[in-house]
There are 4 protein chains.
Amino acid sequence: MKKLKYGMVGGGPGSFIGDAHRKAINIDAMAELVAGCFSRTIEKCRETGDALGIDPDRCYATFDEMAKAEAAREDGIDFAVVVTPNVSHYPACKAFLEAGINVSCDKPLCLTVEQAEELEKLAKEKDLLFLVTYTYMGHVTAKHIREFIKAGKLGKIRTVMAEYPQGWLNKEGEWGGKQGEWRCDPKQSGGVNCLGDLGTHIENAVSHMTGLKIKKVLAKMDIVVPGRVLDDNDVVLVEYEGGATGCYWASQFAIGHDNDLKVRIYGEKGSILWRQEECETVTMIDADGTIVERHRGNGGIEAEAAKYGRLPSGHTEGWLESMGNLYKCFINCINARKAGTFTPDMIDYPSVEAGVEGIKFVAACLKSNEAGNVWVEV
Amino acid sequence: MKKLKYGMVGGGPGSFIGDAHRKAINIDAMAELVAGCFSRTIEKCRETGDALGIDPDRCYATFDEMAKAEAAREDGIDFAVVVTPNVSHYPACKAFLEAGINVSCDKPLCLTVEQAEELEKLAKEKDLLFLVTYTYMGHVTAKHIREFIKAGKLGKIRTVMAEYPQGWLNKEGEWGGKQGEWRCDPKQSGGVNCLGDLGTHIENAVSHMTGLKIKKVLAKMDIVVPGRVLDDNDVVLVEYEGGATGCYWASQFAIGHDNDLKVRIYGEKGSILWRQEECETVTMIDADGTIVERHRGNGGIEAEAAKYGRLPSGHTEGWLESMGNLYKCFINCINARKAGTFTPDMIDYPSVEAGVEGIKFVAACLKSNEAGNVWVEV
Amino acid sequence: MKKLKYGMVGGGPGSFIGDAHRKAINIDAMAELVAGCFSRTIEKCRETGDALGIDPDRCYATFDEMAKAEAAREDGIDFAVVVTPNVSHYPACKAFLEAGINVSCDKPLCLTVEQAEELEKLAKEKDLLFLVTYTYMGHVTAKHIREFIKAGKLGKIRTVMAEYPQGWLNKEGEWGGKQGEWRCDPKQSGGVNCLGDLGTHIENAVSHMTGLKIKKVLAKMDIVVPGRVLDDNDVVLVEYEGGATGCYWASQFAIGHDNDLKVRIYGEKGSILWRQEECETVTMIDADGTIVERHRGNGGIEAEAAKYGRLPSGHTEGWLESMGNLYKCFINCINARKAGTFTPDMIDYPSVEAGVEGIKFVAACLKSNEAGNVWVEV
Amino acid sequence: MKKLKYGMVGGGPGSFIGDAHRKAINIDAMAELVAGCFSRTIEKCRETGDALGIDPDRCYATFDEMAKAEAAREDGIDFAVVVTPNVSHYPACKAFLEAGINVSCDKPLCLTVEQAEELEKLAKEKDLLFLVTYTYMGHVTAKHIREFIKAGKLGKIRTVMAEYPQGWLNKEGEWGGKQGEWRCDPKQSGGVNCLGDLGTHIENAVSHMTGLKIKKVLAKMDIVVPGRVLDDNDVVLVEYEGGATGCYWASQFAIGHDNDLKVRIYGEKGSILWRQEECETVTMIDADGTIVERHRGNGGIEAEAAKYGRLPSGHTEGWLESMGNLYKCFINCINARKAGTFTPDMIDYPSVEAGVEGIKFVAACLKSNEAGNVWVEV
């Protein structure tokens, strides 16, 4: 099988997420990096390109230039990976879509509902594939939960408790290095910090696992650590269509939590507990209190999920494999497009619609918070 | 040391909590049961009395009769234990206080703020001791956390996440036997179910551990399992005096949770995690992410808390010991009163004031919920 | 129901186990302490007796005197509890048996196989009940495992891994207070320390849960912490009748373990994991890797075991309740004897035969170790 | 940086470990696969080669042919990866060493001590680098423990309890597919099964973490599941130089264990617990019982270990990253050789010496077991 070619926007020195995307794509070796606009100056961009073995001619000063040049090449990139701070997601994605290039963009998709809907419309018009990298839903156990619930094994869902606490931004006067600095800076992050960075993962995880649609939210978004200017602790009450309820919590100063996305789903027939830091395990409880724990790689994992595993049970898979699964499916879809064998049901990754939902969720929460924590329709 | 004498109201056949109070008091053998009004008929009352070795003359048809008769005896009871369904707490407590007898009452203290404040006033006027049995705060680790925070080791508290899910009342048409029936019945339980049964434990646990005072609440109280008429799932947003925030969750249909009171406290210097089902352990995390786990019975437990331990570490103590600790202190105080050595700082148990706070919390939540989930001052 | 009367040998100031036995018996209030030989001098004995509300006339200078005097009384004790250092177990038990009084003795039963067999013979001749307090097998989950295996649900057992590490005696020159001092002293403890104190619990737990009989052992008994003169770390390879194998580990210097008795049983149809420090839970795994966790108090616990529970699930029971279960059954048997309703199948506690097995196990291990870690038949 | 070139022996269809090595190498993209002898027929070899994008001319029928051809090429491979069943390790490694090509070989290194020592000698004579892929020691936390102990923070080590149970081969008449079949077949596996597959990992893990050298062993190697002809359950007592002791357990039928390598190290100043299935965490306990848990990516991890991390804490790394770390260092060393900057202290991966130790350990255990479980010097 011939490898696809991809380019990257962002991911220069000090970037965490750019390097992580590259490594995740590497695992299955189905695509290779051949172009990039890694930094804001062409010099720094070429340095990174050189370290990554990229032809200097395919190191670009701007994403616009890159989009045009790559679209013009016979051997141009098959997809672009956008891993800049949030503020650049929209223009970069737009540039590649307009140039007819498939896009993978880190979450949150962009800054406003208008931007999000424009990207969605553009992707449809251009008939392009668009991955939004909600990493955690790539894991086998996350997909297992989705299939399990879809099959009706939990019965009607009653309530969902989900949270994503982190602790790394707990200190006054400390900004968590480059990663924290841009997240806490309205100029790079947009109007939200914690809710955009972590809250959208919660929203996507619950939506992906349960299929529930949010009807309205009541959000309390607090700025707590002295010196911050954007939210760093958020609680959101949720009502879903159909009557179920939810409560989401995200925090950046919750000491003791590294990266602790956790979803608990309570149905009429049973419950499911899932924690991304222990993502090799999924816990399911029957109505009589029997607790059943299943591990990726063993029996009892739904087939549609199990197929994403690479290693035998107990040979731990983690973050890179989760991200890798998103890319694997995305790349398979691009290949199928090329081969003329593509059908829409092959899309088993969060697409631009999931990105739009995330931005709508953030917008409704902001509105609720500004109005004094009242209910706002999404 | 001579044992104190006590009587019990409630605790007849099928009662869980009455028998549990008796066993908890038994452990240290500092008081003996000598009188009771265990059931609503004198025949059933005498049956229970007989099984417990109580003199039939001290088995009473009503708590009023019991209060008067015991007050009149030379060898009358030193304290009364009230373990009836909620609706009788107020009149029973009142009867004993008026008769000059110390009272231990299960939580929630009563049904209304007026009742609660009257009991508080009466206890003061009569100069009597009044224990409200918030069991879980009797455990060594709960007291350790209180001392740890009081000593400033967490710094300023930023947010508190606390929850008390249970799953036993998850089935439509099933009421969890006698225990569930009265809890779900407004005639016996008052105007709340889950929030009174579980929510008040959360409120007390956070208050006891942190010393924080609730300023206002925003409550969402849902009736979820078909057929219920009182709340069975509650989420409460909290603002404390001084600016910290909290989020409390209580549920009775959360399959997979037996009795899962959990408190997580996030301060500027560190965090504390505590779960009553694993109450022998307390987890404390420093701002640099170092996780320290301490076990009851080992070094590092604050002395004011450690003194309540009975067994070496790893010889597990549980619910009965926690309850026993409340009674141990209560009985020590009564003995000190008799000996003339009592000082108010000896009171290391939840007193009537804690009971009043619980009822005020419930009342404010009800008001918030009825008004459409708005902020209400407590 | 009238309470039984009991007396205690040992359990003076500084004793851990004597006070623990008293508290465990108190829980169910089915017996009361009325006599004792708590210490080696009558003065100290009377001090303890006074604190416990014992008639000074029933505080005795020696256990021989106590046995004779109590046997002679109309209202003499129904059973004696022997909780001295090991070296006195044999003569004390013998004195009460000869006086016709039922006995409860802490483990290990005595020092030699000859002593053990003599006590067994004497108990039979005198037709007396004899409890050996292997505390941990009193817990509901331990009994559940026994019933589960007895019902064939694990299939043929293949291997057993069991251990009992503690860490409290890890420091050179420190002896763990009175409790450690006598255990490390051959004059009070006999020829073994760790293997007698902890190893016999392992032997009993595996025997009780699985029903397996030990055929032969290969033991390595090491004296590790500088200054010790008796074993403080033991590994024993075991072969059972029928071909299954086992490996036992006990240690007193294993820092990080409080009281960590753990049994893992691997059968052809599944496995069982049990840890006494988390004794409210039992973990069972099917051959396909499905992990099922059950909690005391919930469905799925075998009825013969579940009946010993006192509190609802999640209201944690621990060490005292386990010990209390042994006494509850022992007292029920004595009451049934008195009532003429006793049948031998009512004995659901470790009896003198279990004590003899423990001493034979220790003797075979000592022989194996002295011979250079060779196989020795038990 | 230019990528190195490598070839693979083994790793055809159905191979787990070959694909896993390829993915692990891919992560950091420092080497690319360009040649292979993936299967026993050239046709099947070319099929795999085609799927992996290998030039058909570099798909070889035998490893001998491959070694000679690649050695003769200007652009020949920089290293060969040997991932066949055990029986072919020795001849394949020998072929590449003789051809002057660096080797990475899966464990166990080979079948006999003679073979192992010959490979060691050959590697030295040819001055080639030789990686033996004891995967688990590549993880950050494993390296942390090594550094922590090397720095004396545990004090003198007293005893080590280590185990590696798996459960996948628990059924009579089932052989676990291709993976289990060759492991259980003496013709492909050599004279041991479980001890070679799992026991050598234990031996290496303890040796790597503690630096302890095994002096003698007493092994019990059992054939348990009906139909097996090689050991499937092994217990090994160990004495190290300097007086510390150990006990190792490996099993293939221990239902409930996926891949459960666990090491517990007890020193005079503290203990360390490590479990590969939760390898992001390391637990360290001080002599006073304070339990400290550290996570990869946070403070408190020794710098020499922390540098191997790729993702922030809580972004889970697992098996592929561990294996990747071994290759990263191995490739760095090869590059340094080429650049003339190599120094021997750069070798931070298990080399051929570690492989030899493993084979000596197995040989001594076999001898001990055959002689009736007696002590044998290693």
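The values are calculated or read from the model by the stated rules, or taken from the named source; none is laboratory data. In this text, all values refer to a predicted model and were calculated from it rather than measured experimentally. In this analysis, Cβ positions are derived from the backbone assuming ideal geometry, glycine residues included, and neighbour counts consider all displayed protein chains.
For the residues A:109, A:119, the requirement of being over 20 Å from residue A:367 (Cα atoms), modelled with pLDDT of 95 or more and in the same structural domain as residue A:19 (by TED's automatic domain parsing) singles out A:119.
Sub-6 Å Cβ pairs linking a first residue in the stretch C:337-354 that is free of Cβ contacts under 8 Å to residues at least 24 places away in the same chain and closer than 18 Å to residue C:126 by Cα to a second residue that is of a type outside the set (Asp, Glu) and surrounded by fewer than 17 Cβ atoms within 10 Å (Cβ to Cβ), at least 6 apart or interchain, are C:342/C:336, ordered by first then second residue. Residue B:374 meets each of the listed conditions (1) over 23 Å from the mean Cα position of the chain (by Cα); (2) closer than 30 Å to residue B:125 by Cβ apart from (2). Check whether at least one residue in the stretch B:52-69 is small (Gly, Ala, Ser), modelled with pLDDT of 95 or more and under 27 Å from residue B:336 (Cα atoms), and report yes or no. There is at least one residue in the stretch B:52-69 that is small (Gly, Ala, Ser), modelled with pLDDT of 95 or more and under 27 Å from residue B:336 (Cα atoms). The listed residues are B:372, B:297, and the only one of them that is out of contact with any helix residue (DSSP H, G or I) (no Cβ under 7 Å at 6 or more places or on another chain) and under 30 Å from residue A:255 (Cα atoms) turns out to be B:297. Note on the stretch D:288-301: among residues that are crowded, with 21+ Cβ neighbours inside 10 Å and charged (D, E, K, R), the one that is nearest to the other protein chains (Cβ to nearest Cβ) is D:294.
Pick from C:156, C:107, C:94: which is out of contact with any Ser or Thr (no Cβ under 9 Å at 6 or more places or on another chain) and either farther than 30 Å from residue C:293 by Cβ or more than 14 Å from chain D (Cβ to nearest Cβ) (or both)? None of the others qualify; the one that does is C:94.
Restricting attention to the stretch A:88-109, the residues that are touching a Lys or Arg at 6+ places or on another chain (Cβ under 7 Å) and either of a type in the set (A, V, I, L, M, F, W, C) or closer than 30 Å to residue D:4 by Cα (or both) total 2. When residue A:151 is tested against (1) farther than 29 Å from residue B:234 by Cβ; (2) under 16 Å from the mean Cα position of the chain (by Cα); (3) of a type in the set (A, V, I, L, M), only condition (2) is not met. Residue count for the stretch C:166-178, restricted to those that are away from chain D (no Cβ under 14 Å) and either surrounded by 23 or more Cβ atoms within 10 Å (Cβ to Cβ) or closer than 30 Å to residue C:243 by Cα (or both): 0.
Quick grid of which residues meet (1) under 23 Å from residue D:238 (Cα atoms); (2) surrounded by 19 or more Cβ atoms within 10 Å (Cβ to Cβ); (3) among the hydrophobic types (A, V, I, L, M, F, W, C):
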{"residue": "C:180", "(1), (2), (3)": "no, no, no"}
{"residue": "C:197", "(1), (2), (3)": "no, yes, no"}
{"residue": "C:205", "(1), (2), (3)": "no, yes, yes"}
{"residue": "C:211", "(1), (2), (3)": "no, no, no"}
{"residue": "C:218", "(1), (2), (3)": "yes, yes, yes"}
{"residue": "C:223", "(1), (2), (3)": "yes, no, yes"}
{"residue": "C:231", "(1), (2), (3)": "yes, yes, no"}
{"residue": "C:237", "(1), (2), (3)": "yes, yes, yes"}
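When the stretch A:33-53 is filtered for residues that are at the interface with chain D (Cβ under 9 Å from one of its Cβ atoms) and either part of a loop (DSSP other than H, G, I, E, B) or closer than 17 Å to residue A:3 by Cα (or both), the ones remaining, listed by number, are A:33, A:52, A:53. Among residues that are closer than 30 Å to residue B:298 by Cα and under 21 Å from the mean Cα position of the chain (by Cα), residue D:282 is included. When A:187, A:143 are checked against the criterion of being at pLDDT below 95, part of a helix (DSSP H, G or I), over 26 Å from residue D:298 (Cα atoms) and of a type in the set (Lys, Arg), A:187 stands alone in meeting it.
For the stretch C:128-140, taking the residues that are assigned to a loop (DSSP other than H, G, I, E, B) and out of contact with any Cys (no Cβ under 6 Å at 6 or more places or on another chain), the one that is farthest from residue C:356 (Cα to Cα) is identified as C:128.
On the stretch given as the stretch B:48-76, residues that are closer than 14 Å to residue B:38 by Cβ, in contact with a helix residue (DSSP H, G or I) (Cβ under 6 Å, 6 or more places away or on another chain) and surrounded by 16 or more Cβ atoms within 10 Å (Cβ to Cβ) total 3. Of all residues in the stretch C:122-136, one or more are within 30 Å of residue C:287 (Cα to Cα) and buried (at least 22 other Cβ atoms within 10 Å of the Cβ). Answer yes if at least one residue in the stretch D:148-159 is more than 28 Å from residue D:254 (Cβ to Cβ) and in a helix (DSSP H, G or I), and no otherwise. Yes: the stretch D:148-159 contains one or more residues that are more than 28 Å from residue D:254 (Cβ to Cβ) and in a helix (DSSP H, G or I). Taking the stretch D:241-287 as the region of interest, the strands (runs of 3 or more DSSP E) fully inside it that hold 1 or more residues being at pLDDT 95 or above, surrounded by fewer than 22 Cβ atoms within 10 Å (Cβ to Cβ) and within 11 Å of chain A (Cβ to nearest Cβ) are D:270-275, D:281-286.
Among the listed residues B:342, B:361, identify the single one that is part of a loop (DSSP other than H, G, I, E, B), more than 13 Å from chain C (Cβ to nearest Cβ) and either among the aromatic types (Phe, Trp, Tyr) or touching an Asp or Glu at 6+ places or on another chain (Cβ under 8 Å) (or both).
Answer to the check: B:342.
One residue alone among B:171, B:216, B:153 is in contact with a Lys or Arg (Cβ under 9 Å, 6 or more places away or on another chain) and of a type in the set (Lys, Arg), and that residue is B:153.
Filtering A:314, A:309 for residues that are assigned to a loop (DSSP other than H, G, I, E, B), closer than 26 Å to residue A:203 by Cα and within 13 Å of chain D (Cβ to nearest Cβ) leaves a single hit, A:309.
Taking every residue in the stretch D:139-165 that is surrounded by fewer than 22 Cβ atoms within 10 Å (Cβ to Cβ) and pairing it with any residue that is modelled with pLDDT of 95 or more and not in a helix (DSSP H, G or I), at least 6 positions away or on another chain, the pairs with Cβ-Cβ distances below 6 Å are D:147/D:302; D:155/D:267; D:155/D:268; D:155/D:269; D:156/D:268.
To keep it simple, each residue is scored yes or no on (1) over 26 Å from residue C:23 (Cα atoms); (2) among the basic types (Lys, Arg); (3) in contact with a Ser or Thr (Cβ under 7 Å, 6 or more places away or on another chain).
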{"residue": "C:287", "(1), (2), (3)": "yes, no, no"}
{"residue": "C:302", "(1), (2), (3)": "yes, no, no"}
{"residue": "C:313", "(1), (2), (3)": "no, no, no"}
{"residue": "C:322", "(1), (2), (3)": "no, no, yes"}
{"residue": "C:328", "(1), (2), (3)": "no, yes, no"}
{"residue": "C:332", "(1), (2), (3)": "no, no, no"}
{"residue": "C:343", "(1), (2), (3)": "yes, no, no"}
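Annotation: of all residues in the stretch B:203-231 being part of a loop (DSSP other than H, G, I, E, B) and within 19 Å of the chain's Cα centre (by Cα), the one that is nearest to the other protein chains (Cβ to nearest Cβ) is B:212. Among the conditions (1) touching a residue at least 12 places away in the same chain (Cβ under 8 Å); (2) assigned to a helix (DSSP H, G or I); (3) of a type in the set (D, E, K, R), the only one that residue A:125 does not satisfy is (1).
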